[in-house]
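Presented below is the structure to which this report refers.
The values are calculated or read from the model by the stated rules, or taken from the named source; none is laboratory data. All figures in this text were calculated on a predicted structure; none of them were measured in a lab. Backbone-built Cβ (ideal geometry, glycine too); neighbour counts: all protein chains shown. Heavy atoms of the whole protein, side chains included, go into the accessibility calculation; ligands, DNA and RNA do not. Shrake-Rupley method; radii C 1.70, N 1.55, O 1.52, S 1.80 Å.
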Amino acid sequence: MMRKIIIASMAAVLLVSCMGNHSGKRNDKNAVEEGRSAMETTGGDLFLLAGTYTSAEGSKGIYLYRFNTDTGSSDSISMVEVDNPSYLTLSPDEKYIYAVTERNEPNSTVHAFSFDKRTGKIELLNSVPVNSSSPCYITIDGKGKNVHTANYGGGTITSFQVKENGMFASTVSIMHFKGSGPDSIRQEKPHLHSVRYSPDGQYLFASDLGSDKLYRFIVNDTPFEGQPGLLENSLKEFGVPAGTGPRHFDFHPDGGRFLYLLGELSGEVIVYDYSFGELIQKQVIAADTTGAGGSADIHVSPDGRFLYASNRLQADGIAIFAIDPSEGTLTKAGYQLTAEHPRNFIITPNGKFLLVAGRDDNMIQVFRIDSETGLLTDTHQDIYLDKPVCLKFAGQLTIKN
C-alpha cells in the first residue's frame, strides 16, 4: 500500500482544516529549519489524516497521506502509533493534532501530537485521561486553547485546556447528563456523540443520542487557568423527535444560518433555522429509507448547495440532497452505494471530491462530485487501510528529498 512519495514543487495551497469551526493565523510557511527538508507550498495537494480502529493484525494508529484535490490521487507519507484513534481534530494553526483513544472503559484517554508539515512527522506530546468511557468525538476552539470530547459510553463531555506548546494542561471539567429515549437498548441512558462550536465560536453544541437532545452552552471567552471554557449554567436543551438518536450535525457555510442534524436511529435529517444560538425546526426528511438505524455522518458541501449523509448496516451508502438556497430545506437528489460501514466521510475544500472511510471494507473510497447535480462517481482511486473511521484534511507543505 505504501507508495514512494514523489512530490514536485507547485503553486500555493489553500490551507484548510476540515472542521469548519477553526480560525486563527497560520505560521510563516517560508521558515525552514537548517538541517531539515526544504519546503515549498503545493498547488492541489493537502494532507489527509486517517484515524483508525487498531488491532494486533491491522492498523496501528493515525496515518498521513498526500491527497491531490485536482486529480484525486494520493500517496502515503507517515504514521504514528496510538490505540483506537477513532476521532481527530487539528489546532487552528495545524501545528498540533488531538485524538481520542476510544475504549469502552473509564481509562480512555486523549492525546496531543506535534505535526511537522516540513517533514510529515507526527510525534506524541502527552496523553491525559478522559475520566469517562468511549470518547468518540473531539473538537477545539478557534483560539486553540480549549478541547472537548463527547464520551458515548459515559454520557459525558470532558473539557481540557491546552498549553502554548500544544500539550494538554489538565482535565478542567466533566459534565454529566440525565435522560433516556424510547429505544430501551440504544437509549437506556445519555450517549453523547458529537460536540461542535457554532461558526461564530460563541456557542458549543452537543448531540445526545441516548436522550434525544441537542445541548447548547455559551462559551467562556477568557477562562483562567483551570477554569472551564464553557459556562455550564448556560446549558439549554433542544428536544428532537422521540427515537431520533441524534449523532452528528453540520452548519451551513453561509454564516451557519441553517443547522442540519442527523439521527442515527431514525435515519432522518432535521433542518433548523439557526440564529445567535437559537434553533427553529423547519423540516424532517429521510436519509435512510431502509430503517437500519445506522446513519452516521453528515456534511454540507463547501459551496452550500448540497448535503450528504452516510448510512450503515443496510444499503451502505451516501444520501445526497440539494439545498434550497434561500430556505435551507432539502430535496432528495440521489443515493450512492459505498464500501461497507461508511462511519465517516469528508469533502475536499474545493468541493471536487468526497472521501468515504469504509470501515469494514478496509478502504478509503474517493468519489468525484458533479458540481451541477451533487451526484457522486467512484474514481476507483481507493486508499487501502485497515478499519479507517475518521478523515481530516490539513494544508500541506512540500516534502523534498
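Would it be correct to say that Ser207 is open to solvent by less than 20 Å² (accessible area, probe 1.4 Å), of a type in the set (Ser, Thr, Tyr), modelled with pLDDT of 95 or more and more than 25 Å from Asn146 (Cα to Cα)? Steps first, please.
On the way: open to solvent by less than 20 Å² (accessible area, probe 1.4 Å): yes; of a type in the set (Ser, Thr, Tyr): yes; modelled with pLDDT of 95 or more: yes; more than 25 Å from Asn146 (Cα to Cα): no.
Spelling it out, it is not the case that Ser207 is open to solvent by less than 20 Å² (accessible area, probe 1.4 Å), of a type in the set (Ser, Thr, Tyr), modelled with pLDDT of 95 or more and more than 25 Å from Asn146 (Cα to Cα).
Would you mention how many residues in segment 257-282 are within 27 Å of Gly294 (Cβ to Cβ) and not aliphatic (A, V, I, L, M)?
Initially, segment 257-282 is screened for residues within 27 Å of Gly294 (Cβ to Cβ), giving 258-272, 274, 279, 281-282.
When the remaining residues are screened for being not aliphatic (A, V, I, L, M), the result is 258, 260, 263-264, 266-268, 272, 274, 281-282.
Residues flagged as within 27 Å of Gly294 (Cβ to Cβ) and not aliphatic (A, V, I, L, M) within segment 257-282 amount to 11.
On the basis of being under 24 Å from Ile347 (Cβ atoms), within 20 Å of the chain's Cα centre (by Cα) and touching a residue at least 40 places away in the same chain (Cβ under 8 Å), does Phe67 make the cut? Steps first, answer last, please.
Details: under 24 Å from Ile347 (Cβ atoms): yes; within 20 Å of the chain's Cα centre (by Cα): yes; touching a residue at least 40 places away in the same chain (Cβ under 8 Å): yes.
Criteria met by Phe67.
Residues of segment 347-358 being closer than 21 Å to Ser194 by Cβ and either buried (at least 23 other Cβ atoms within 10 Å of the Cβ) or at pLDDT below 95 (or both), which ones?
Leu354, Leu355, Val356, Ala357, Gly358
Tally up the residues in segment 296-321 that are open to solvent by 20 Å² or more (accessible area, probe 1.4 Å) and touching a Phe, Trp or Tyr at 6+ places or on another chain (Cβ under 6 Å), please.
1
Output the residue which, of all residues in segment 89-111 that are under 19 Å from His193 (Cβ atoms) and open to solvent by less than 10 Å² (accessible area, probe 1.4 Å), is modelled with the lowest pLDDT.
Taking the candidates together, the pick is Ser108.
Can you find a residue in segment 342-349 that is over 15 Å from the mean Cα position of the chain (by Cα) and part of a loop (DSSP other than H, G, I, E, B)? Steps first, please.
Narrowing segment 342-349 to residues over 15 Å from the mean Cα position of the chain (by Cα): none.
The answer is no; no qualifying residue exists.
Check whether at least one residue in segment 271-278 is modelled with pLDDT of 95 or more, open to solvent by less than 10 Å² (accessible area, probe 1.4 Å) and β-branched (Val, Ile, Thr), and report yes or no.
yes
Given the criteria among the aliphatic types (A, V, I, L, M), part of a loop (DSSP other than H, G, I, E, B) and out of contact with any Cys (no Cβ under 8 Å at 6 or more places or on another chain), does Ala315 qualify? Outline the logic, then answer.
Details: among the aliphatic types (A, V, I, L, M): yes; part of a loop (DSSP other than H, G, I, E, B): yes; out of contact with any Cys (no Cβ under 8 Å at 6 or more places or on another chain): yes.
The answer is yes for Ala315.
Which pairs turn up if I take residues in segment 157-184 that are open to solvent by 70 Å² or more (accessible area, probe 1.4 Å) and look for partners that are modelled with pLDDT under 95 and part of a strand (DSSP E or B) with beta carbon separation below 9 Å, at least 6 apart in sequence or on another chain?
Lys163/Ala169
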